[in-house]
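Below you'll find the structure, written out as structure tokens, and then a few comments.
The values are calculated or read from the model by the stated rules, or taken from the named source; none is laboratory data. A quick note: this is a predicted structure, and the numbers were derived from the prediction, not measured. Heads up, the Cβs are rebuilt from the backbone with ideal geometry, glycines too, and the neighbour counts pull from every protein chain shown.
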Amino acid sequence: MQKKIYKARYSEIAETLINQITSGHYKLGQQLPSEQAMSESFIVSRFTIRAALRELEKMGMISRHRRRGTIILSDKPVELIVQEIKGFEELFQYPQDTVLHMTKSSSTEADISLANFLKTTPGTKWTRLEGLRVTQDKSPFCITDIYVPKEFNLSLKDVNKPDRPVFKIIEENFGFQAEEINAEIMAGSLGKERAARLNVEAGSSSIIIVRRYRDTQGRLFEVSVSEHPASRFTYSFNMSYRR
């Protein structure tokens, strides 16, 4: 006798909504009915509806906003990118199946605001390199801005090496050696231009990872700023607690 498999009600509702979106019943950019309307339609609580919507949000199919409601972003589940950390050194690296393409270079002088962000002295001169990291199927992974001292005179050609992170290129060419790498993870919101490059809706939540590299003398020689769509990126690592 076969054992019957029961699904949670929120999971059944999530599947129904997915089918309605993929079949074209609901269109891209369209707003889904309110939680109250769906709870009445499915004869369940709003709590159950929220659980179902969370499943679609994890798949990158919708975005939810307090005042604007639930907007359809994709007519099929979007790959969720999980960066899993297994060792300390991997905390500062990206998955090997992604490639960073640097596309723009400009010079800038650190004003007080930028200097505070980079953790450097106002008036210092930097080269800002801008690029897009993509997965093997060319899907956008994150937007990355890299700041390096202008004196290095690094060009796009110098840094567009898929198998070499920029800090390694600096180590090999300028005699610097990374000794301290500081990382910060913070929440953000994607503007219209960045959201378009990442194929998400403007105003979507983002995860920003800032890495600052210092050498053996404490000199700051690189700052990288990577912004990911929060709906399809997870940063995961394990740490052991020893007494």
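Scan the stretch 182-208 for residues that are in a strand (DSSP E or B) and not aliphatic (A, V, I, L, M) and jot them down.
ASN182, GLU184, GLY188, SER189, SER205, SER206
Against the condition touching a strand residue (DSSP E or B) at 6+ places or on another chain (Cβ under 6 Å), loosely packed, with under 14 Cβ neighbours inside 10 Å and without any contact (Cβ under 8 Å) to a residue 40 or more places away in the chain, how does GLU172 come out, does it pass? Walk me through it before giving the result.
Details: touching a strand residue (DSSP E or B) at 6+ places or on another chain (Cβ under 6 Å): no; loosely packed, with under 14 Cβ neighbours inside 10 Å: yes; without any contact (Cβ under 8 Å) to a residue 40 or more places away in the chain: yes.
No: the conditions fail for GLU172.
Output the residue which, of all residues in the stretch 138-160 that are touching a residue at least 12 places away in the same chain (Cβ under 8 Å) and assigned to a loop (DSSP other than H, G, I, E, B), is surrounded by the most Cβ atoms within 10 Å (Cβ to Cβ).
Of everything passing the filter in the stretch 138-160, LEU154 is surrounded by the most Cβ atoms within 10 Å (Cβ to Cβ).
Restricting attention to the stretch 117-128, does a residue exist that is assigned to a strand (DSSP E or B), surrounded by 15 or more Cβ atoms within 10 Å (Cβ to Cβ), touching a helix residue (DSSP H, G or I) at 6+ places or on another chain (Cβ under 9 Å) and not small (Gly, Ala, Ser)? Before you say what the answer is, go through the steps one by one.
Going residue by residue through the stretch 117-128, those that are assigned to a strand (DSSP E or B) are 125-128.
Okay, now just the ones that are also surrounded by 15 or more Cβ atoms within 10 Å (Cβ to Cβ), so 126-128.
Keeping just the survivors that are touching a helix residue (DSSP H, G or I) at 6+ places or on another chain (Cβ under 9 Å) gives 126-127.
Imposing the further condition that a residue be not small (Gly, Ala, Ser) reduces the set to 126-127.
Checked against the condition, which is being assigned to a strand (DSSP E or B), surrounded by 15 or more Cβ atoms within 10 Å (Cβ to Cβ), touching a helix residue (DSSP H, G or I) at 6+ places or on another chain (Cβ under 9 Å) and not small (Gly, Ala, Ser), the stretch 117-128 yields at least one hit.
From the list ARG194, ARG211, ARG219, which one is charged (D, E, K, R) and farther than 30 Å from PHE176 by Cα?
ARG194
Any idea which residue in the stretch 36-70 is farthest from the chain's Cα centre (by Cα), counting only those that are among the polar types (S, T, N, Q) and at pLDDT 85 or above?
Only one residue fits best here, namely SER41.
Testing GLN217 on (1) more than 22 Å from MET102 (Cβ to Cβ); (2) in a strand (DSSP E or B); (3) not hydroxyl-bearing (Ser, Thr, Tyr), one condition comes back false. Which one is that?
Evaluating GLN217 over (1) more than 22 Å from MET102 (Cβ to Cβ); (2) in a strand (DSSP E or B); (3) not hydroxyl-bearing (Ser, Thr, Tyr) leaves (2) as the failure.
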